[in-house]
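The values are calculated or read from the model by the stated rules, or taken from the named source; none is laboratory data. Please read all numbers here as calculations on a predicted model, not as lab measurements. Neighbour counts are summed over all protein chains in view; Cβ atoms, including those assigned to glycine, are modelled from backbone coordinates with ideal geometry.
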Amino acid sequence: MKDFFKSKKFLIICCLAAFLIGIMIYAAVSSSNAISSAIGTVFSPIQKFSNKISNAVSEGIDMLVNARDYYDENAKLKEQISELYAQISDYTQLKQENEHLREMIDLASSSEGIELSEPCTVIGRTANDVYGSFFIDKGEKDGIEYYDPVVTANGIVGFVTEVEYTYSLVTTVLSNEISLGVYCVRTGETGVIEGSYELALDGKLRMVYIPLECDMGEGDIVITSGYSGLVPKGLVVGMTGETFIASNGLSRSALITPSVDPAGLKTVFVVTDFDGKGSGYEER
């Protein structure tokens, strides 16, 4: 150790230290900007490092001293966020209820004398059913009956084919078990719509028994005629596509794209009563 204090390294260190101290003293009493700038450049990294350590220590002390205040403030913020979420949820529910109310008004005005159920939520779908049948959360306790029509604001969806106390099964118009009397809004031609497995794969229906001399074309709107007593008059069924002569050569047929895609439904309405219900003949 004594040898170190007598070595050249120690002398060099002492000289450097003396030099730096001398510069610092000179800068303190000198007005030279160049020297001050040089010293600032040399000691700037050290100052920055020192500031970082000082800030970190200050933040740590602040967290320890004010921990309770921060905890209380955080709890208040969480409570405010919960209240905002609740308000958003209430708003969303109110918005949905308003939309459902508008749909009910539109449906009621499109066909006079109909009574609708409360909005029914789709709660399940029949597995591997090409016709798209599904279950709703309304049943016998809600006044739902067998073969009540199921609709949306866009048109008819199908019929209730099974009724339990708290839920029901809906079979769509794509099914080969359902047929309905319909007519074309523009031309007045009448016919019957029916489904099939092959058509359902493409999401289509067929309108049959159309007069040979019909003037129907692509894009015509087809609605329920209502003469069977199964459905109200005037519910939209779909839009016509290609028309062609039937295999018997005595009438024409037309492909129909339904106005409602059952695959995307979340809410529907059941027509529980309407003027003329039960009159006429049954088409099923």
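Can you tell me which residue in the range 249-271 is modelled with the lowest pLDDT, limited to those that are within 25 Å of Tyr146 (Cβ to Cβ) and surrounded by fewer than 18 Cβ atoms within 10 Å (Cβ to Cβ)? Write out each step before concluding.
First, the residues of the range 249-271 that are within 25 Å of Tyr146 (Cβ to Cβ): 258-263, 265-271.
Filter once more, keeping what is surrounded by fewer than 18 Cβ atoms within 10 Å (Cβ to Cβ): 261, 263, 266-267.
Working: Asp261: 93, Ala263: 90, Lys266: 93, Thr267: 93.
So the residue we want is Ala263.
Only one of these is among the aliphatic types (A, V, I, L, M) and under 19 Å from Phe274 (Cβ atoms): Val208, Val260. Name it. If you could, list the steps in order and put the result at the bottom.
Details: Val208 fails: under 19 Å from Phe274 (Cβ atoms).
One residue alone meets the criteria, Val260.
Run down Gly191, Gly195 and say which single residue is more than 26 Å from Cys120 (Cβ to Cβ) and touching a strand residue (DSSP E or B) at 6+ places or on another chain (Cβ under 7 Å). Can you show your working first?
Details: Gly195 fails: more than 26 Å from Cys120 (Cβ to Cβ).
Going through Gly191, Gly195 in turn, the sole match is Gly191.
Just the residues that are closer than 9 Å to Val170 by Cα and either without any contact (Cβ under 8 Å) to a residue 24 or more places away in the chain or touching a Cys at 6+ places or on another chain (Cβ under 8 Å) (or both), please, taken from the range 134-149.
Ile136
Looking at the range 259-270, is at least one residue closer than 21 Å to Gly188 by Cα, in contact (Cβ under 8 Å) with a residue 12 or more places away in the chain and under 35 Å from the mean Cα position of the chain (by Cα)? Can you show your working first?
Here is the first cut: in the range 259-270, the residues closer than 21 Å to Gly188 by Cα are 259.
Retained after the next criterion (residues that are in contact (Cβ under 8 Å) with a residue 12 or more places away in the chain): 259.
Filter once more, so that each one left must be under 35 Å from the mean Cα position of the chain (by Cα): 259.
The answer is yes; a qualifying residue exists.
When only residues in the range 136-151 that are surrounded by 19 or more Cβ atoms within 10 Å (Cβ to Cβ) and of a type outside the set (D, E, K, R) count, which is farthest from the chain's Cα centre (by Cα)? It would help to see each step written out before you state the result.
Going residue by residue through the range 136-151, those that are surrounded by 19 or more Cβ atoms within 10 Å (Cβ to Cβ) are 136, 138-139, 144, 148-151.
Adding the requirement that they be of a type outside the set (D, E, K, R) leaves 136, 139, 144, 149-151.
Details: Ile136: 19, Gly139: 26, Ile144: 28, Pro149: 26, Val150: 22, Val151: 20 Å.
It comes out as Ile144.
Can you report the number of residues in the range 210-232 which are surrounded by 15 or more Cβ atoms within 10 Å (Cβ to Cβ) and either at positive phi or part of a loop (DSSP other than H, G, I, E, B) (or both)?
11
Could you tell me whether Met239 is among the aliphatic types (A, V, I, L, M), in a strand (DSSP E or B) and either under 26 Å from Ile136 (Cβ atoms) or in contact with a helix residue (DSSP H, G or I) (Cβ under 8 Å, 6 or more places away or on another chain) (or both)? Walk me through how you get there before you give the answer.
Numbers: among the aliphatic types (A, V, I, L, M): yes; in a strand (DSSP E or B): yes; either under 26 Å from Ile136 (Cβ atoms) or in contact with a helix residue (DSSP H, G or I) (Cβ under 8 Å, 6 or more places away or on another chain) (or both): yes.
Considered against the rule, which asks whether it is among the aliphatic types (A, V, I, L, M), in a strand (DSSP E or B) and either under 26 Å from Ile136 (Cβ atoms) or in contact with a helix residue (DSSP H, G or I) (Cβ under 8 Å, 6 or more places away or on another chain) (or both), Met239 comes out as yes.
Just checking, does the range 138-159 include any residue being over 15 Å from Ser259 (Cα atoms) and in contact with a Leu (Cβ under 6 Å, 6 or more places away or on another chain)?
No: the range 138-159 contains no residue that is over 15 Å from Ser259 (Cα atoms) and in contact with a Leu (Cβ under 6 Å, 6 or more places away or on another chain).
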